[in-house]
1. Identify the single condition in (1) among the aromatic types (Phe, Trp, Tyr); (2) farther than 23 Å from residue 63 by Cα; (3) in contact with a strand residue (DSSP E or B) (Cβ under 9 Å, 6 or more places away or on another chain) that residue 114 does not satisfy, given that it satisfies every other one.
2. Name the residue that is surrounded by the fewest Cβ atoms within 10 Å (Cβ to Cβ), counting only residues in the range 159-187 that are among the aliphatic types (A, V, I, L, M) and modelled with pLDDT under 95.
3. Sort out which residues of the range 2-25 are in contact (Cβ under 8 Å) with a residue 12 or more places away in the chain and in contact with a helix residue (DSSP H, G or I) (Cβ under 7 Å, 6 or more places away or on another chain), and write them in order of number.
4. Within the range 217-238, is even one residue acidic (Asp, Glu), closer than 20 Å to residue 106 by Cβ and part of a helix (DSSP H, G or I)?
5. What number of residues in the range 97-156 are on the phi > 0 side of the Ramachandran plot and at pLDDT 90 or above?
Amino acid sequence: MHFQNLEEHYHELLEFLEANHYSPSYIQKFKTVIRNSLKDPKRKRWESYRGIYLEYTKSFHSEQYLRHMRTVIGALEQFDFYGKYPNGRRRHSLLGRGSYHLLNHEYQELIDFYWKTEKEREKKLTTIHSEAMNAASFLYAMQKKGFESLDAVTEEAVLSFFLSDEDELIKSCSYKKNIRAVFKAGIAWKERECQKVLYFLPLLREKRKNIQYLTKEEVQKIRDTIDNPLSGLSQRDRAIGMLLLHTGLRSCDIAALKMDSINWTTEKLWIIQQKTEIPLELPLMPIVGNAIYDYVTTDVYVLRMSLST
């Protein structure tokens, strides 16, 4: 990239800023960027004004300082390429939205590879977009910490993205899943590097709030049916109904219940969930415990007696 036009006409821009009473500090930022851009030996390697800005991001600067630099460098681009002067309203086009445009070449290449492969697999575009955005934010955070390549990223850096210094969760489980999707696809691009980052991702459990699907009237009708001796329900079905209504256990977990799943002394239910293989302990409410007791002391007893004879 050459700066011949800027070098020949930058004084006109500075005169415009002074004539329109821009603040001295604002004008000084323009002078600093212009001087550094014209004298920096790296300028021949820059392909755009975006490259100039990215040089500033490689040093430790506050977000406010970088925001000012984006404004100044974006205004320089508009003046150099299009002859447009700042007007206080014109938005620069130096960077697009999101962190992708701030990434170095390797990190952008990973995001590009993910977009290409997932589009070919016909994944929903909105899903691709959200996963790519989260992964770009993650990669930009690694880049700001000084890790310019995937091979350089450490486990400590990855964990710090998800957990605070007090080990409090600052990124959600779904956020991690989006990042994982990008790196999982990236295994076909750079297997060793992407696999390493996948190993560093923390194990997070997704938290979901229970949703009250049944109204109070519907719950009461179910209770009335379970309690009604003329409803035709067996003791087994009554016990199952109570478990479903009051514990929210999955049907497969109820079917897998054994006698040693219940501690009658401590009034606890303890199971290994069939779907997740995660242990779960629940309080055994008296109304549920009574229904189970009626079942095992009547239906089960009668069944055993019939089999023994």
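The values are calculated or read from the model by the stated rules, or taken from the named source; none is laboratory data. This one's a predicted model, so the numbers in the text were calculated from it and none came from an experiment. Virtual Cβ from ideal backbone geometry, glycine too; neighbours counted across all protein chains shown.
1. It is condition (3) that residue 114 fails.
2. 170
3. Result: 3, 5, 6, 7, 10, 13, 14, 17.
4. Pass one, the range 217-238, residues acidic (Asp, Glu): 217-218, 224, 227, 237.
Within this subset, residues satisfying the condition of being closer than 20 Å to residue 106 by Cβ are none.
Within the range 217-238 (the criterion being acidic (Asp, Glu), closer than 20 Å to residue 106 by Cβ and part of a helix (DSSP H, G or I)), the answer is no, since none of the residues qualifies.
5. Within the range 97-156, the subset on the phi > 0 side of the Ramachandran plot is 98, 122, 146.
Right, trim to at pLDDT 90 or above and you get 122, 146.
Within the range 97-156, residues that are on the phi > 0 side of the Ramachandran plot and at pLDDT 90 or above number 2.
Residue by residue, here is whether (1) more than 28 Å from residue 31 (Cα to Cα); (2) touching a helix residue (DSSP H, G or I) at 6+ places or on another chain (Cβ under 7 Å) holds:
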{"position": "82", "(1), (2)": "no, no"}
{"position": "103", "(1), (2)": "no, yes"}
{"position": "108", "(1), (2)": "yes, yes"}
{"position": "121", "(1), (2)": "yes, no"}
{"position": "135", "(1), (2)": "yes, yes"}
{"position": "142", "(1), (2)": "yes, yes"}
{"position": "149", "(1), (2)": "yes, yes"}
{"position": "153", "(1), (2)": "yes, yes"}
{"position": "165", "(1), (2)": "yes, no"}
